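For reference, the structure is listed below as C-alpha cells.
Computed from the coordinates by the stated procedures, all read-outs in this text should not be read as laboratory data. In this text, all values refer to a predicted model and were calculated from it rather than measured experimentally. We place every Cβ from the backbone using ideal geometry, glycine too, and count neighbours over all the protein chains shown.
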Amino acid sequence: MSNTAHKLRTHNLRKTYGPVVALAEASIEMAEGEFLTLLGPSGSGKTTMLMAIAGLNEPDSGDIWIDGKLATYLPPFRRDIGMVFQNYALFPHMTIFENIAFPLKMRKMDEASIRNNVGRVLETVKLSDVANRLPKELSGGQQQRIALARAFVYEPSIILMDEPLGALDKKLRDHLQLEIKHLHEQLAITVLYVTHDQEEAMVMSDRICLMNDAQIEQIGTPDDLYFRPESEFTADFLGESNLIEGTVKETNDTATIVSGPDGAILAGLPNPGLKEGDACKLMVRPECVSIITSDARADNILSATLVETIITGTVTKSYAVLPGGNEMKCTQLTNGPLNGARKDQTVKLGWMREHTVVLSPEEGSMS
Ligand SMILES: Nc1ncnc2c1ncn2[C@@H]1O[C@H](COP(=O)(O)OP(=O)(O)O)[C@@H](O)[C@H]1O
Ligand SMILES: [Mg+2]
C-alpha cells in the first residue's frame, strides 16, 4: 500500500525492554483529520507505541511514516508532532499567554500573528479571561485546557495525547472529552489519543485500536468493536456481554446457525472462520436481550431461570441462569415497577440474529 495516502502509518513496530515485549509488530494507518484512539489495559503497550511515533523511544524494528515520509529515526523536533500528557507541566514562570505563544515564538512567527492565534485558541478553550495569569492560578482542569491549547495552536501535523484527562475528576473529564472532540472537528487536526477507559474511547474516536498484551487486538469504529467484536477480549473490554457456548450446525452468507444449550437452535451473524462442527461462542449485549412473552418476535429464544432483577434507575437489570449453568444478563430501560418478576421464575429470553456475534474459540482455550 502507498505510504503517501496516510497521515500516519506504522508497519510492524516492535519494542522490547530486556525480556519484556512492550510492543509486538504493531501496524496502524491513520487518515488525515482522523481521531484514532489506542485503547487497552495498563501495560498493553499504548504509551510505548505513542513514544515511538513521537520519536521519544526507538523501536527495535519496524517503520513509521508521517505524511508519507519515513520518520522511524527522525529526531522528535523534526516530526511536526504536538503532544499532551496526563501531567503536562506548563512553564510555571510564564503567563498563560506566554505559555501558548511559546511554540509560535520558537517557529519565529511575527508578534501580530502570535496575538491572533493565541487569542483564537484561548477563545476555543473558553479561557480568554485568564491570559495574564500564571499556571498556578488556574485549576487542574483549566491547566489541562491550556496544555491542549498549546498543542493545537501551531497546528502540528498530528497531535498525540497520552491519557490527558486521567488526573481529572469524572465531571470535568466528561466535559473535556467533548471539548477535545469539538477542537478536533473545528481545527481538522489528526489526533492519536491514548486511554484505558472504554467509554472515553467510544465517545471521542472515529476509530479505536484495541491493544492487548503488546499486540493489536482489533481496529475499527466504536460500533464495529462494540457490535462486531472478533474476540472475547474485545467483547469484554468494550462493555458487558453474554457468552453462550455452542456448536456450529450450518454457515452461509447471511447467518451462522448454532446448536446451543439444551439443543436450542440459535442464529448469529456470519463468521467466515467457522465451519460445521466447530465449537463457538455466541456473544450478545445485555441491552439486546429482553424477557419476552410467548407471542413476541425474536430470532433466538432460550428458557432461563431468573436469579435477580434490580432497578438501578434508568435501566432495569435482570440476571438469569441457562440450563447448563451459563449466566445471562439482560438490561432494559426501566418502564415501571418490577412487573411481577420473581426469583426462580422460568422466563424466556429473546433477541435478534443481527445482535448476535459468533466467535471462534480463543486460541489456546480449546484442547
Ligand atoms: N522504560 C521501560 N523499561 C522497562 N519496561 C518498560 C518500560 N516502559 C514500558 N515498559 C513495559 O512495557 C510494557 C508496555 O508498557 P506501556 O507502553 O507503558 O503500557 P501502557 O501505556 O499501555 O500502560 C509494560 O509491560 C511495561 O512494564
Ligand atoms: Mg501508558
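Values as computed for the structure displayed
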read-out	value
Spread of Cα-to-Cα distances over 5 Å intervals beginning at zero, given as percent, for segment 56-111	4, 14, 19, 19, 16, 14, 9, 4, 1
Set of aspartates and glutamates near residue 126 by C-alpha distance (under 18 Å), chain-local residues within fewer than 8 positions excluded	98, 137, 174, 179, 185
Mean residue ellipticity (222 nm) of the chain, computed from DSSP H runs ≥ 4 via -39,500 (n - 2.57), nearest 500	-7000 deg cm²/dmol
Interchain or long-range residues, amide H under 5 Å from residue 159's placed H	82, 190, 191, 192
Vicinal HN-Hα couplings computed from phi for segment 274-290 (Karplus, 6.51 cos²θ - 1.76 cosθ + 1.60; Hz; Gly/Pro x)	10, 9, 3, x, 5, 6, 8, 10, 8, 10, 9, 6, x, 6, 8, 9, 10
Long-range amide H partners of residue 256 with built H, under 5 Å	268, 269
Virtual paramagnetic centre 7 Å along Cα→Cβ of residue 197, amide N under 16 Å, in segment 238-259	238-239
Relative contact order of segment 25-184, defined on C-alpha pairs under 8 angstrom at six or more residues apart (%)	27
Trypsin sites (Lys or Arg not before Pro) within segment 65-151, DSSP loop, no more than 13 other Cβ atoms inside 10 Å	107, 108, 126
Unit charges at the beta carbon, dipole of the chain: most positive-side option, 51, 40, 321	51
q = 0.10, 0.19 Å⁻¹: log10 I(q)/I(0) that the Debye formula gives for segment 244-367, counting C-alpha atoms only	-0.33, -1.01
Placed amide H near residue 326: partners under 5 Å, 5+ positions off or other chain	none
Per residue Cα convex hull volume in Å³ - calculated over the chain	179
GluC sites (Glu not before Pro) within segment 259-367: DSSP coil, no more than 14 neighbouring Cβ in 10 Å	276, 362, 363
Amide N of segment 203-219 lying under 14 Å from the label point, which is placed 7 angstrom from the Cα of residue 187 along Cα→Cβ	none
Added length on full extension, which subtracts the Cα-Cα distance from 0.36 nm per residue, residue 247 to residue 223	6.0 nm
The chain: relative contact order in percent, alpha carbon pairs under 8 Å with at least 6 residues between	15
Karplus (6.51, -1.76, 1.60) ³J(HN,Hα), θ = phi - 60°, over segment 12-21, in Hz, Gly and Pro reported as x	6, 5, 9, 9, 10, 10, x, x, 7, 8
Estimated vicinal HN-Hα couplings, Hz - segment 244-256 in sequence order (Karplus 6.51, -1.76, 1.60; Gly, Pro = x)	10, 7, x, 10, 5, 9, 7, 10, 8, 5, 10, 7, 10
Gain in span if fully extended, residue 25 to residue 310, counting 0.36 nm per residue against the direct Cα distance	98.1 nm
Approximate spin-label separation residue 56-residue 332, in nm, with each point projected 7 Å along Cα-to-Cβ	4.9
Nitroxide proxy distance, nm - points 7 Å out along Cα→Cβ at residue 276 and residue 343	4.6
Cα→Cβ-extended label distance, 7 Å offset, between residue 12 and residue 254, nm	4.3
